[in-house]
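K.L.:
One structure is given below, represented as structure tokens, and several questions about it will come after.
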Amino acid sequence: MKTARFTVETLIDAPLERVHEQLRDLRNYRDFHPLLIRITELPRDPEDADTQRCEMLERLTLGPFSWRSTYTATMRVVSPTELFAEAWAPARVHLVNRFVLAAEGTGTRLIERVEIEAPGLLLGYAARTAEAAHTEQFERLREAMETPPA
């Protein structure tokens, strides 16, 4: 197994509490994660009721080929300024995400640190795909949170 890391950061012109509320529920990710097709919430573990579990269905592409992939993801609120997520995808791909939020002026600085562990042959593809998707996800989240309701 090999490891890759990347960081995504943005400034969102919205209060920290509102950004935290949007991020802490995995079901919201369908609205701004570019690869996700469907999210199904799974029962919580009675011994870890603070951790949300979901089954995620995404569409992946490589050149002219595309396929659907299902994986399990979890989200745990660590504090009002920190979230911890993990995803376990097929072929032993494991993502660990740490979100840190900080009030900055009237907005929120959002930083996501991602660590991906995957078999050597898959790591490059998994890391490139995840970084591009998470970068677009932050752009979409920022746009959605900064657009006034109609």
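Every number here is computed from the coordinates shown, using simple stated rules; none is lab data. Since this is a predicted model, take the numbers as computed values, not measurements. In this analysis, Cβ positions are derived from the backbone assuming ideal geometry, glycine residues included, and neighbour counts consider all displayed protein chains.
K.L.:
Work out from phi, with θ = phi - 60° and the Karplus expression 6.51 cos²θ - 1.76 cosθ + 1.60, the ³J(HN,Hα) of each residue of segment 60-76, listed in order in whole Hz, and give x for Gly and Pro.
P.N.:
With coefficients 6.51, -1.76 and 1.60, one gets 10, 9, 8, x, x, 9, 9, 7, 9, 9, 10, 8, 9, 10, 10, 9, 10 Hz.
K.L.:
Here is a follow-up. Nearest 20 debye, what's the magnitude of the dipole of segment 1-94 about its Cα centre given +1 on Lys and Arg Cβ and -1 on Asp and Glu Cβ?
P.N.:
Values: 13 positive and 15 negative charges, 113 e Å.
Roughly 540 debye, rounded to the nearest 20.
K.L.:
Which whole-Hz ³J(HN,Hα) couplings does segment 80-88 yield from phi under the Karplus relation 6.51 cos²θ - 1.76 cosθ + 1.60, θ = phi - 60°, glycine and proline marked x?
P.N.:
x, 10, 8, 10, 10, 10, 9, 9, 10
K.L.:
Follow-up question, since we're still on this one. Classify segment 23-112 from the C-alpha gyration tensor, please: rounded if a/c falls under 1.5, else prolate or oblate depending on whether a/b exceeds b/c.
P.N.:
Since a/c reaches 1.5 but b/c is at least a/b, the shape of segment 23-112 is classed as oblate.
K.L.:
Cα extents of the chain along the three principal axes, largest first, in whole Å?
P.N.:
On the principal axes, the chain reaches 44, 39, 30 Å in Cα extent.
K.L.:
Work out how much length I37 to F6 would gain on full extension: take 0.36 nm times their residue separation and subtract the Cα-Cα distance, in nm to one decimal. The partial results should precede the final answer.
P.N.:
Details: separation 31, 0.36 × 31 = 11.16 nm, distance 2.37 nm.
Stretched out fully, the I37 to F6 stretch lengthens by 8.8 nm.
K.L.:
Given the C-alpha centroids of segment 1-60 and segment 106-121, what is the distance between them in whole angstrom?
P.N.:
Between the Cα centres of segment 1-60 and segment 106-121 lies a distance of 12 Å.
K.L.:
Please tell me the relative contact order of segment 96-147 in percent, rounded to the nearest whole number, where contacts are Cα pairs under 8 Å and at least six residues apart. It would help to have the intermediate numbers written out before the result.
P.N.:
Values: 30 pairs, mean separation 11.8, N = 52.
The value is 23 percent.
K.L.:
A follow-up question, please. Under a 5 Å amide H to amide H cut-off, with H placed in plane at 1.01 Å, what residues pair with H33 once short-range neighbours are removed?
P.N.:
Amide H neighbours of H33: none.
K.L.:
Please rank E146, E112, fewest neighbouring Cβ atoms within 10 Å first, as an exposure proxy.
P.N.:
Details: E146 11, E112 21.
Neighbour counts put them in this order, fewest first: E146, E112.
K.L.:
Per the helix-only calculation at 222 nm, which mean residue ellipticity applies to the chain, given -39500 (n - 2.57) for every DSSP H run of n ≥ 4 and division by its residues, nearest 500 deg cm²/dmol? Could the numbers behind the result be given before it?
P.N.:
Details: 2 runs with 36 residues, N = 150.
About -8000 deg cm²/dmol.
K.L.:
With a point put 7 Å past each Cα toward its Cβ, work out how far E86 is from Y71 in nm, to one decimal.
P.N.:
Result for the modelled spin labels: 1.4 nm.
K.L.:
Once label points are set 7 Å from the Cα along Cα→Cβ at both T147 and I111, what is their separation, rounded to one decimal in nm?
P.N.:
My value for the distance between the label points is 2.9 nm.
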